[in-house]
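What follows is calculated from the coordinates using simple rules that are stated; it is not laboratory data. None of these values were measured; they are calculated from a predicted model. Methodologically, a virtual Cβ is constructed for each residue, glycine included, from the backbone with ideal geometry; neighbour enumeration extends over all protein chains shown.
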Amino acid sequence: MEPLAIDGSLLEGGGSILRLSSGFSVLKQIPIRVKNIRANRPKPGLRLQHLRGLQILEKLTGGYLSKSTVGTTEIEFSPGDEFKENLVINVETAGNVALLLQPVQIACMRLGSGKSINLEIKGGGTYGKWAPGTSFLTNVLFKVYEQVGYKTNLKIHRHGFYPKGGAHLHFTISGSTQPIKPIEIVELGNVSQINGRVICSEALRKPKVAERIIETIKSQIHQKLGLSCNIIYDYVKTYSTGVGICLWAESDTKAIISSGTILGERGVSSEKVGKHAANAIISYIKNKIPVDNYLADQLIPVMSIANGESRIRVSELTSHLKTNLELLQKFNLKEYKILKESNGIIVNLKQKQI
């Protein structure tokens, strides 16, 4: 079969094109040729985390990856059709684990009923800039997966922050016993409590960074929403010092809205970080948006294979989201429609009309 040509400079021109394309390649059993990889980034071409992601799919499925190194701007990938049950992955940098797992999650939607794969990841980062953290995965994305029949489990043995990384995790994903249910998240409904988790390196225990962040979050949430908070924190041993935060709330419509992943930064006070995290989720709740920008990106692949029509309401059509939707057309998965409303945008995915 002739490889499907994918232009890596499409729209936002970043790594998500490669992640989704390689995942869809396995899902649909279509070989791909991706050129102009990350063409719109300051350092074009593969970074190590993108290379590792491709190599994981190659090993996991018995596929073929053309000769590739860091900086490669064009690759060919042919998926295999058999999944290994166990795989160990070594990540030498602080490359984000969630982004590394995204193509795996998409590919494994092909898993048959009763089948599972187990990945052990040694290295990488559980929190990083412009990427979902592991608290977001376990408390937001994977909770939605459960609602539609997709089972995952992520066990974290050690967290990792930039620049040394050094995380250690086990990830298990199982094939659904039933067709994946369509996703319908268009109404936020009522939220009664904000939940959250703050992960801090052990070195930040003495100045009580986590406690100060949480105190600020609670104050902001109470003042602006009148809601209570249940936020837990952990001080953990890491090779590099860091702070990772995620806030989320489950509504009576089963929507799970979140702040996304918020990071602490050197020179930025704990109070300012806490205020930033609180305001991120407050904005969605005040505007009655049930799907945050970060979750929307992650849900498109699931919506593309769900059994029936899916709809979500988002606050805006981000470049990432638009790119993901355009990639669906390349793989002839589903057609999409965008409907602008007074409070947000409805993204609709349904079977293509023949």
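Brief remarks follow.
- Between 0 and 90°, nearest 10: helix 97-107 axis offset from the chain longest Cα axis: 40
- Sites matching trypsin sites (Lys or Arg not before Pro) across the stretch 282-354 that sit in DSSP coil, with at most 12 neighbouring C-beta atoms within 10 Å: 352
- Of the chymotrypsin sites (Phe, Trp or Tyr not before Pro) in the stretch 45-143, those whose Cβ has at most 15 other Cβ within 10 Å and which sit in DSSP loop: 130
- Integer Hz, Karplus 6.51/-1.76/1.60 couplings in order for the stretch 175-183, x for Gly and Pro: x, 6, 7, 10, x, 4, 6, x, 9
- Sparsely packed GluC sites (Glu not before Pro) within the stretch 1-83, loop by DSSP, other Cβ within 10 Å at most 10: 82
- Using the Cβ-Cβ distance between residue 326 and residue 118 with R0 = 30 Å, the FRET efficiency computed as 1/(1 + (r/R0)^6) comes to roughly 0.35.
- Rounded tilt (10° steps) of 319-330 against the dominant C-alpha axis of the chain: 20
- The string of couplings for the stretch 263-280 from the Karplus curve (6.51, -1.76, 1.60, θ = phi - 60°) is 10, x, 10, 4, x, 9, 5, 4, 5, 5, 5, x, 5, 4, 5, 4, 4, 4 Hz, one whole number per residue in order, with x for Gly and Pro.
- Residues residue 351 and residue 181, FRET efficiency given R0 of 22 Å [Cβ-Cβ distance, rounded to 0.05]: 0.90
- Using θ = phi - 60° and Karplus 6.51 cos²θ - 1.76 cosθ + 1.60, couplings along the stretch 203-214 (whole Hz; Gly, Pro as x): 4, 9, 5, 4, x, 6, 4, 4, 4, 5, 4, 5
- Close amide H pairs (under 5 Å, H built 1.01 Å from N) link residue 242 with 201, residues at least 5 positions away or on another chain.
- A simple count of charges around residue 28, restricted to other residues whose Cβ falls under 13 Å of its Cβ and scoring Lys, Arg +1 and Asp, Glu -1, yields +2.
- Radius 14 Å from Cβ of residue 191, net charge of other residues (Lys, Arg +1; Asp, Glu -1): 0
- Backbone N atoms of the stretch 189-218 closer than 14 Å to the 7 Å Cα→Cβ label point of residue 241 belong to residues 200-210.
- When each of 181/288; 67/350; 155/224; 115/237; 164/206 is checked by Cα-Cα distance, pairs over 27 Å: 67/350; 155/224; 115/237
- The distance between label points at residue 342 and residue 212 comes to 4.3 nm (points 7 Å beyond Cα on the Cα→Cβ vector).
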